[in-house]
Amino acid sequence: MSGGVRVGRGLRWLVVATVAWGMLLAGLTWWSVRHDPPTVKEQRTLSQAVPVVERAMGQLVAALDDDAWKLTESRVDRGCRLTPLSAGAVLTRGLEVPVAAGGERALLDRVAQRLPAGWRAGVATETGHPRLWADAGEFVVIDGRVVADGLVRFSAATGCRPADAEIAKLMPGYPVGPELTAALRALGQAPPSDAAQVSAAVCPAGGLARTVSVEAGRGPASLAALRPLGTVVLDRPGLYAYRSGPVVVLADTTGDRLGLTASTGCGD
């Protein structure tokens, strides 16, 4: 009987100790959240990271040659955890570059070599595909990866930050320029009645690189009508790009609708 009593007392003490330890950990976690200084990353808000991201995208644009490219919409993903008691958001900017199939690694290597030395950019093979990684500073990470045969997507992401302001996903509407108007007419499409969309990035030497985008009706069977409009940059099934002065126009019929972009780079 005495042995059973000792076992029972031991179990009770174990339960008490476990509960006490859990309460202590909970108290320490609460105190830490309330009093410990935030990490360096937590001290930089989403709006403070925007200029770093914009300059990073400009560096990526400047690292391209005469490639066809387009800046894509900003994306804000909410709900990431800064601490157990506070949520944040992640801002991501994108840049897509279609190339001839098989030219993806050469593009990534070329861009990595032209990025600032302090970014420590490099390209490695990951799951059978090349991937670029670089550090743009202020906890902004640059990623470049092959997302489909002949398509490379670069991105600049802030990581989880306090969302101190509403970051617009799209910049204000922009008039359809003469290059897009000429392309639409050549393909038998009427210019859209509403404004085009524009994405921009800050160039290393100042000024802006920008992409103006429109969507029209169903894509034509052929994009050959665009050939007289400029110097060919890319010619693939469903994709055609040409340079008209400082502007690269990219036509895309791989989706359900015709997409047209006109991009002006940092050297133009």
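With the simple model of a label 7 Å out from the Cα in the direction of the Cβ, R257 to E73 spans 1.1 nm. The peptide list 94-102, 141-149, 80-88, put in order of mean Cβ contacts within 10 Å with the highest first, becomes 94-102, 141-149, 80-88.
From most to least packed by mean Cβ count within 10 Å, the peptides 245-257, 120-132 give 245-257, 120-132.
Each value in this text was obtained by applying a stated rule to the coordinates, not by laboratory testing. Nothing here was measured: the structure is a model prediction, and the numbers come from that model. Every residue, glycine among them, receives a Cβ derived from its backbone with ideal geometry; neighbour counts consider all protein chains shown.
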